[in-house]
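Worksheet for the structure shown next.
The values are calculated or read from the model by the stated rules, or taken from the named source; none is laboratory data. Note that the structure is a prediction, hence the values are computed from the model and not measured. Using ideal geometry, Cβ is built from the backbone for each residue, glycine included, and neighbour counts are taken over all protein chains shown.
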């Protein structure tokens, strides 16, 4: 009986070790936001995020603060927004210095004024619902 328990323990540890070595986490983390857009408003929503969300993420990418970003459209008017970060630490607001924040604001204000940004963002409330925000990690299978 004792031999059986020991062999089962060794087998389970061996299986776990094999399982773990067959995959590894990819570097970085992706922030995924799932949004439900009201019917017939997808074009309006895309126009709005192009001036706000896309523009701001392109600036952040150009500054080296994010790795990449993406916009995906699924069935039934779902929109998936992704931001790829270097690490969880790079998502912390303290990752940006005051100078970098000022540089970002200056570049962003050249694209859209504060008033236009505010009115665009407020119009989102009428046409979309944020379903969830998740931090996801890619797994690489060897």
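How many of the residues making up the range 28-58 are more than 14 Å from the chain's Cα centre (by Cα) and not in a helix (DSSP H, G or I)? Step through it out loud before you land on a result.
Kept after step one, since they are more than 14 Å from the chain's Cα centre (by Cα), are these residues of the range 28-58: 36-52, 55.
Applying the additional criterion that residues be not in a helix (DSSP H, G or I) yields 36-41.
Of the residues in the range 28-58, 6 are more than 14 Å from the chain's Cα centre (by Cα) and not in a helix (DSSP H, G or I).
Out of the residues in the range 75-89 that are surrounded by fewer than 15 Cβ atoms within 10 Å (Cβ to Cβ) and farther than 14 Å from residue 39 by Cβ, state the one that is modelled with the highest pLDDT.
Among those residues, the one meeting the criterion is 80.
Could you grab me the full set of residues in the range 89-134 that are outside any helix (DSSP H, G or I), in contact (Cβ under 8 Å) with a residue 60 or more places away in the chain and touching a helix residue (DSSP H, G or I) at 6+ places or on another chain (Cβ under 8 Å)?
Taking the range 89-134 first, the residues outside any helix (DSSP H, G or I) are 92, 96-97, 112-113, 128-134.
Filter again for in contact (Cβ under 8 Å) with a residue 60 or more places away in the chain, leaving 112, 128-134.
Within the range 89-134, 112, 128 meet the criteria.
Do we find that residue 61 is assigned to a helix (DSSP H, G or I), touching a strand residue (DSSP E or B) at 6+ places or on another chain (Cβ under 7 Å) and without any contact (Cβ under 8 Å) to a residue 40 or more places away in the chain in this structure?
Taking the combined requirement at face value, the residue satisfies it.
Do any residues in the range 35-55 that are on the phi < 0 side of the Ramachandran plot and without any contact (Cβ under 8 Å) to a residue 40 or more places away in the chain have Cβ atoms under 7 Å from those of residues that are assigned to a helix (DSSP H, G or I) and buried (at least 17 other Cβ atoms within 10 Å of the Cβ), where the two are at least six apart or on different chains, and which pairs are they?
Every condition considered, the pairs that remain are 39/77; 42/77.
What are the residues in the range 70-88 that are over 15 Å from the mean Cα position of the chain (by Cα) and not in a loop (DSSP other than H, G, I, E, B), if any?
Selection gives 75, 76, 77, 78.
Checking the structure you have, find out if any residue of the range 32-39 is modelled with pLDDT of 95 or more and more than 20 Å from residue 125 (Cβ to Cβ).
So far as the range 32-39 goes, yes, one or more of its residues are modelled with pLDDT of 95 or more and more than 20 Å from residue 125 (Cβ to Cβ).
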